[in-house]
Amino acid sequence: MLKCDSDHHWWARYRPPMPESEPPAADTPPFNDSLLSDHVDIARKVASGGYKWTHRAPEWIPAFVAEHDLGPFPAMRNRLREVVDLGGFGYHATIDHMIEAFCGWSTRRYGWTPDPALTVPNTSVIQGVWSCVEAFTEPTGAVILTPPIYFPFNTISESTGRRTVDWRLIKDDNGWHYDLDGLAHLLADDPGIQMLLLCHPHNPTGRVLTTDQLTRIVELASEHDVVIVSDEIHADFTYPGATHVPLAAVPGAASCTVTVTSGIKTFAMGGLRASVASFADEDMLVRYRRIPEHLLGSPNRLGCEAAIVGWEEGDTWVDQLVALFDHHRHHLASRLADELPDVRMHVPQSTFLAWLDLSALGPGDRPGRWLRDRTGVDCKDGPLFGPGGEGHARLTFGTSTALLDEIIDRLVSGIGTSPASSLETDIGNSAFH
Ligand SMILES: Cc1ncc(COP(=O)(O)O)c(C=O)c1O
């Protein structure tokens, strides 16, 4: 049901001049389904019922979910419409095609060709990660995490019983970095470690590992008989100045790596549930197969169809999207530096996520909520991301240029003029949680 019905609200400014459902005028140029539109129709987002735009939006601007607003890729929507119109809801056999499409995308975009015979479908990337924990670690084994880290990873211990060991990223004046000597020490000191879970590129800091760093990580993993699970879901958003090198393409990675990824971030199709896990060699796949196939489930038809269209036809659209978010990351960083210097941010090398350091403002132990209460911009609380998350909030800048400016304007007007000391006190008085 359309909640967004009043012209008095801020979001009315973000409506298109004409409802999208009206037929185009006779002289409208043919619709180009590879063209990215830098526009978010908020009423439509709300009506579509997705989590991002209905959870606490549109009253607050949703910048807490790692989902961008510029989807869906039009060709994908057309294909799904076709399948729906045809009533294609029965059992399906599109998984092999989806895997071929993934292998083609990876070859074209990254020069790494996964072996389709060593690539399996999952419903979600998280399922891929969790099933690898089951397959490659003993109940008494340990998994290395890289905090501050995508928060669901921090629940591995609670949900699987495995120990987790923190390999913390380190922050200096140039941003967040991996400490490879630190990894060497962790592995040398703890023989129980059986898995390293990489988030490559890294959510929330946007850090991208270089080939040299990946090579060293592979050497250490091989030396200590550790499996590396590389979550590469954000790889498509790697900006000029950095290069995404798939871990599996690094020499020596063949015997110890699993790549888990999907098109859901790139094409904003998280609700469709379709992802892949690609194994570097057959022995690893055999070990993985010890998990009964039927416990793993499989992607549904619409998820597969969407992924196929994205991976086969999405190059031009994704290039435009990445160029837009490349602009956004610099624009956000530069406006914050000029207008809100107490909010510190390093320009991310990848992802459409900004990891904001609010510690100079005393945001308490719920920095995301602190920010939301003052600005109406709904961000994720940093402490959820584990050590390194204190004083931080994660902000999704994957939106239109106009909405990004609305977000920044609100940050500036909400906290820019208030002295830090007076802001610290009133968090408990908020009517909203
Ligand atoms: C690093 C990372 N992995 C996995 C996911 C979730 O993927 P899925 O919904 O397919 O489990 C996200 C979503 O934000 C993510 O950032």
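The values are calculated or read from the model by the stated rules, or taken from the named source; none is laboratory data. Note that this is a predicted model, so its numbers are computed, not measured. Virtual Cβ from ideal backbone geometry, glycine too; neighbours counted across all protein chains shown.
What to note about this one:
- Verdict on Lys52 being assigned by TED's automatic domain parsing to the domain that holds Ala323, within 16 Å of the ligand (Cβ to nearest atom) and either in contact with a strand residue (DSSP E or B) (Cβ under 6 Å, 6 or more places away or on another chain) or not in a loop (DSSP other than H, G, I, E, B) (or both): yes
- Residues located in the range 38-69, provided they are under 18 Å from the mean Cα position of the chain (by Cα) and of a type in the set (Ser, Thr, Tyr): Tyr51
- Residue list for the range 57-79, restricted to those being of a type in the set (Gly, Ala, Ser) and within 16 Å of the ligand (Cβ to nearest atom): Ala63, Ala66, Gly71
- Comparison of Leu197, Leu187 shows that the only residue that is in contact with an Asp or Glu (Cβ under 9 Å, 6 or more places away or on another chain) and part of a strand (DSSP E or B) is Leu197.
- In the range 55-72, the residues that are part of a loop (DSSP other than H, G, I, E, B) and at pLDDT 95 or above form Cβ pairs under 6 Å with partners that are hydroxyl-bearing (Ser, Thr, Tyr) and more than 13 Å from the ligand (Cβ to nearest atom), at six or more places apart or across chains, as follows: Asp69/Thr399.
- Checking Ser230, Ser222 one by one, the residue that is under 20 Å from Cys132 (Cα atoms), more than 14 Å from the ligand (Cβ to nearest atom) and not in a loop (DSSP other than H, G, I, E, B) is Ser222 and no other.
- Restricting Leu209, Leu214, Leu197 to those that are more than 16 Å from the ligand (Cβ to nearest atom) and of a type in the set (A, V, I, L, M, F, W, C) reduces the list to Leu214.
- Test: His244 is buried (at least 24 other Cβ atoms within 10 Å of the Cβ) and either within 16 Å of the ligand (Cβ to nearest atom) or touching a residue at least 60 places away in the same chain (Cβ under 8 Å) (or both): no
- For beta carbons closer than 7 Å, sequence separation of 6+ or different chains, a first residue in the range 126-153 that is in the same structural domain as Val229 (by TED's automatic domain parsing) and more than 15 Å from Ile193 (Cβ to Cβ) and a second that is charged (D, E, K, R) and within 13 Å of the ligand (Cβ to nearest atom), the qualifying pairs are Val129/Asp231.
- Counted as qualifying within the range 117-166 are the strands (runs of 3 or more DSSP E) with 2 or more residues that are closer than 17 Å to His224 by Cβ and more than 16 Å from the ligand (Cβ to nearest atom), namely 163-166.
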